[in-house]
Amino acid sequence: LNYSDVLSTPQGLGCCDFHKPSQNLVNSFKTTATGIPMFDTYNDEDLSYNALNDYTVDPRLYHTVALPGLPYKYDPEYIYVESWVRSPGTYGYTASLKENVSPNCGCIVNIDPFYGNSKNRIQIRYADVLLMRAEALIELGQHNEALDLVNQVRSRAAASTGLISGYATNLNISPYVPGTNCTWSQDFARQAMRWERRLELAMEGSRFFDLVRWGVADDVLNAYFAEEKTKRAYYADAYFDSNKEEYCPIPLAQINFSQGVYHQNPGY
């Protein structure tokens, strides 16, 4: 049994509502009239749960983020409501759908003081492989070959509406069509692929490592903190320390055990 998921379960279902989607992530699911991401303007205004139809969105929003008033894990018997949220005035009204299972699932076992479930951990999945290959092709200057790989992921997402069709009425997602809704240059392809990774793998633990690999963690995270601290007071003193926090410190016991082979990462 897996006990860790309980920490991300909404409080209305027991505990503890820890790992929550940011407003910035919610906003990133917005789409243009042509069905592609709003790369430059997605964060100009917040996508509010009580005004969802103000924008069209990628259907993956409804597979990733629990929003008040909508079924939790597609189950109409469990409507996600504001009272399920841990300190909404502090942390916002959303919750993660990716890390949790339906309350009706037979895979849940209640064992005091928490419960566990048999949900498997994701190690790697096909969409990740497609996007890793697309990333390599783009960096090699073979971005035209990457177009189909990115579009395979988007096409699968576009077909994922069966479970949400009863309440998600503002969906609009299209493949990238050069000359119609985009210009598929190397720079645009890189932006599109990186955005695709953010949406497809949201709440699965890969975002930070992607930012570090791309060498943009400093710019992206500090821009995020600067904006989010106007919405969330707990970010008031937050910042990303470049050239240090890309990596964790090596435990001192391991350094000592290596007898001089290991050296501490910079900044620690």
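Here, each number is a calculation from the coordinates, and none is a lab measurement. This structure is a prediction, so every number in the text was calculated from the model and none was measured.
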Using only the Cα atoms of the stretch 28-164, build the gyration tensor, take square roots of its eigenvalues as a ≥ b ≥ c, and label the shape rounded, prolate or oblate: rounded if a/c is under 1.5, else prolate if a/b is larger than b/c, else oblate.
oblate
Counting only residues 5 or more places away or on other chains, whose amide H sits under 5 Å from the amide H of Cys15 once H atoms are built in the peptide plane?
none
Residues with amide H under 5 Å of Ala95's amide H, sequence separation 5 or more or different chain, H placed in the peptide plane at 1.01 Å from N; which?
Ala66
Relative contact order as a percentage, the chain, C-alpha pairs under 8 Å and 6+ apart, gives 19 percent
Given H placed on each backbone N at 1.01 Å, which residues far from Ile79 in sequence or on other chains put an amide H within less than 5 Å of it?
Tyr72
Note: the stretch 110-217 at 4 °C, 1.567 mPa s; Kirkwood Rh on alpha carbon pairs; Stokes-Einstein D in µm²/s works out to 82 µm²/s
HN-Hα J in Hz across the stretch 256-268 - Karplus 6.51, -1.76, 1.60, θ = phi - 60°, x for Gly and Pro
5, 5, 6, 6, x, 6, 8, 10, 4, 5, x, x, 10
